[in-house]
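Structure, as structure tokens:
The values are calculated or read from the model by the stated rules, or taken from the named source; none is laboratory data. Only a predicted model underlies this, so the values are computations on that prediction, with no experimental measurement involved. Positions of Cβ are backbone-derived with ideal geometry, glycine not excepted, and every protein chain shown enters the neighbour counts.
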Amino acid sequence: MKKIIAFFCVITNCVFLQANPLSDSIINNLCKSDYEYLKEKVGENKININFKKAWLLKAKKEGNLIEQINAYRQLMINEPNSKKKNYSDSIITVALKTNENNIIGSAFLNKGIVFYENKELVKALNYYLKAEDYLEKTKDLYTSNKTKYAIAQTKYYLGFYDEAIKIFNEVAVFFIEENDRAYLNTLHALGLCYQKINNFNKSKYYIDLGKNLSQEWNIKEMLKYFEHTQAINLYHQKKYNLCIEGLKKVIPKLNRENDFDNKTVAEFYIAKSYWQQKKYKDALPYLLKVDKTFLEKNYIRPDIRENYELLIKYYKQKEDTKLQLLYINRLLEVDELLNHNYKNLSQKIFKEYDAKKLINAKNEIENAMKWKNKVAYATSFFLLISTVVIISKHRRKSKYYKLKFDELMTSSNNSNSNSSKSLDVDLEINPEIVEMVLKNLEKFEKTKKYLEKDMTLSRIASYLKTNTKYASKIILKHRGKKTIDYINDLKIEQIIDLLKTENKYRNYTNKALADEVGFGSTQNFTRAFKNRTDISPTYFIEKLNELQ
């Protein structure tokens, strides 16, 4: 019987490689395998959920509560937050059936982490506290202290710094004996807490201790975080040039880790350091980088809210009412997000531009702009000269746009996307894996999977049957583009081909065209179209219609 099951596992594995996802009948048969086999297959490909489903189904059929929890934990990997919440609820439901305090506590901890990752800090804290109640009744000291650390970290982000310090000091006593990396994380957290309450001597003590131990224990990846906090301490001590120098050294290290969180904080404090020295032009590029991260990642923290106050001040000094109005509106957006994610803390922060003041300033600027429009009628001579200049520029632009249109009409579909020159990128990946991924990439292109909405790097990696790091490197090497540009160009080439060959699409709105090729918004579609072609989709359609 074991030989039959083993043979069946080989056959189903072959089917798995050919088709994804597996059918329910195959998963039903696959769950007859032993747990070791299923775990091995999950370990080989954490993105694919088929063996995870078989693992869960087997555990349910056998009434094995522990393996059900293990399977649910695997299913959570690489899933969106909504699914993670559902799986974490299932883990709690199963854990409660075990009547084991350590298992139940871990389940509540898991749920708290899901909320924490989604910036729902108050909800996260509530689940952490439930986890602590159960874990304190057990001998599982490591998970108990891990939970206390999570509680302290959340309290830090909610602004309860004194409470966080007390808990961090408690867990530090445990971690110094049990886990070097966790101990260093705790030292760093203490340095941050003391920085927030302006006790820079204590902050420096923990930062220096952390740096020394990182070197001594050869955990050098922690050094950049201690250096980051150390540089911000220098800002608070009015040593602005040293702060700038320290943060500029740290940013490349953060870039290598794709740590946009700490990178954004570093950029903000570089900007503030320049600002304090009245070097406003030097500060501006860093203020704009923080804004760019907010637009791209929807990321902001209460302690860098001031970034928008400085932008408003800068453009007010420049008497640029349009950009002043832009950043007033942006700050209103920021406050809305902060009030949702950091409700407790945002109420404590001093806001030079509170909501009422912002709205008043916005109304004043808008009224002033209306008045200027009325005054403009009296400046007809100036407008006449301006019109001549604009017409001249328009003619030059028209020639340029026509040239770009002609290039598009003579180019074949996907000429830009799939035949891009390879870049000189050192992959450091097994050639067999590269070959497999490239075959899957060709299939991905031929089947036009790129037209699906919300095509993230994780989803692409899933289609290519690899991890996100390998996927992005191989695409950059062999398609000559970053992943987002590669996908956007494929989508744009598809819509260009449809507009050329099928008249009905020329009657579509930009929103409808964006939906047709899977863009998340009209704005993203029009931006991607212009990046690819140097002309707008509206202009392209107008010129196509003129050819008829």
Exercise for the section: Tally the residues that are within 21 Å of Asp424 (Cα to Cα) and surrounded by 18 or more Cβ atoms within 10 Å (Cβ to Cβ), restricting the search to the range 435-460. Expected result: 2
Handout entry: Filter pass, Ile492 being β-branched (Val, Ile, Thr), closer than 30 Å to Ile433 by Cβ, part of a helix (DSSP H, G or I) and within 23 Å of the chain's Cα centre (by Cα)
Key = no
Practice task
Kindly provide the set of residues from the range 135-167 that are of a type in the set (Lys, Arg) and over 30 Å from the mean Cα position of the chain (by Cα), ordered by number.
Solution key: Lys137, Lys139, Lys166
Practice task
Looking only at the range 132-153, count how many residues are of a type outside the set (Val, Ile, Thr) and within 27 Å of Leu338 (Cβ to Cβ).
Solution key: 5
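For every residue, the table says whether it meets (1) closer than 30 Å to Lys397 by Cα; (2) charged (D, E, K, R); (3) outside any helix (DSSP H, G or I).
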residue	(1), (2), (3)
Lys443	no, yes, no
Ser458	no, no, no
Thr466	no, no, yes
Ala471	no, no, no
Leu513	yes, no, no
Phe525	yes, no, no
Problem - Count of residues meeting criterion [in a helix (DSSP H, G or I) and either in contact (Cβ under 8 Å) with a residue 40 or more places away in the chain or under 15 Å from Glu336 (Cα atoms) (or both)] in the range 284-302 - result: 3
Handout entry: Odd one out for Ile244 among (1) more than 23 Å from Arg305 (Cα to Cα); (2) touching a Ser or Thr at 6+ places or on another chain (Cβ under 7 Å); (3) surrounded by 22 or more Cβ atoms within 10 Å (Cβ to Cβ)
Key = (1)
Exercise for the section: Take Ala124 and decide whether it is under 19 Å from Asn341 (Cβ atoms), of a type outside the set (Lys, Arg) and either modelled with pLDDT of 90 or more or crowded, with 21+ Cβ neighbours inside 10 Å (or both). Expected result: yes
Exercise for the section: Would you check if there is a residue in the range 170-193 being of a type in the set (D, E, K, R), modelled with pLDDT under 95, assigned to a helix (DSSP H, G or I) and touching a Ser or Thr at 6+ places or on another chain (Cβ under 9 Å)? Expected result: no
Handout entry: Out of Ile270, Ile251, Ile244, sole residue that is of a type in the set (Val, Ile, Thr), in a helix (DSSP H, G or I), under 28 Å from Lys473 (Cα atoms) and outside the structural domain of Arg330 (by TED's automatic domain parsing)
Key = Ile251
Handout entry: Matching entry among Tyr149, Tyr134, Tyr156, Tyr142 (being touching a Gly at 6+ places or on another chain (Cβ under 6 Å), touching a residue at least 24 places away in the same chain (Cβ under 8 Å) and part of a helix (DSSP H, G or I))
Key = Tyr134
Exercise for the section: Could you figure out which of (1) under 21 Å from Ile49 (Cβ atoms); (2) under 30 Å from the mean Cα position of the chain (by Cα); (3) β-branched (Val, Ile, Thr) isn't true of Ile66? Expected result: (2)
Problem - Cross-chain or 6+ apart pairs with Cβ under 6 Å, the range 63-74 first and touching a residue at least 12 places away in the same chain (Cβ under 8 Å), then part of a helix (DSSP H, G or I) and surrounded by fewer than 20 Cβ atoms within 10 Å (Cβ to Cβ) - result: Leu65/Lys97; Leu65/Thr98; Tyr72/Ser90
Problem - Meets criteria (loosely packed, with under 12 Cβ neighbours inside 10 Å, in the same structural domain as Tyr486 (by TED's automatic domain parsing) and of a type outside the set (A, V, I, L, M)) for Ser536 - result: no
Practice task
State yes or no: is Lys477 in the same structural domain as Asn524 (by TED's automatic domain parsing), in a loop (DSSP other than H, G, I, E, B) and of a type outside the set (Phe, Trp, Tyr)?
Solution key: no
Practice task
State whether the residues of the range 48-55 include one that is under 30 Å from the mean Cα position of the chain (by Cα), in a loop (DSSP other than H, G, I, E, B) and modelled with pLDDT of 85 or more.
Solution key: no
Problem - Counted residues, the range 192-219 - those being surrounded by 14 or more Cβ atoms within 10 Å (Cβ to Cβ), without any contact (Cβ under 8 Å) to a residue 40 or more places away in the chain and within 18 Å of Ile232 (Cα to Cα) - result: 15
Practice task
Specify the residue that is surrounded by the most Cβ atoms within 10 Å (Cβ to Cβ); the eligible residues are those in the range 37-63 that are closer than 27 Å to Thr468 by Cβ and acidic (Asp, Glu).
Solution key: Glu40
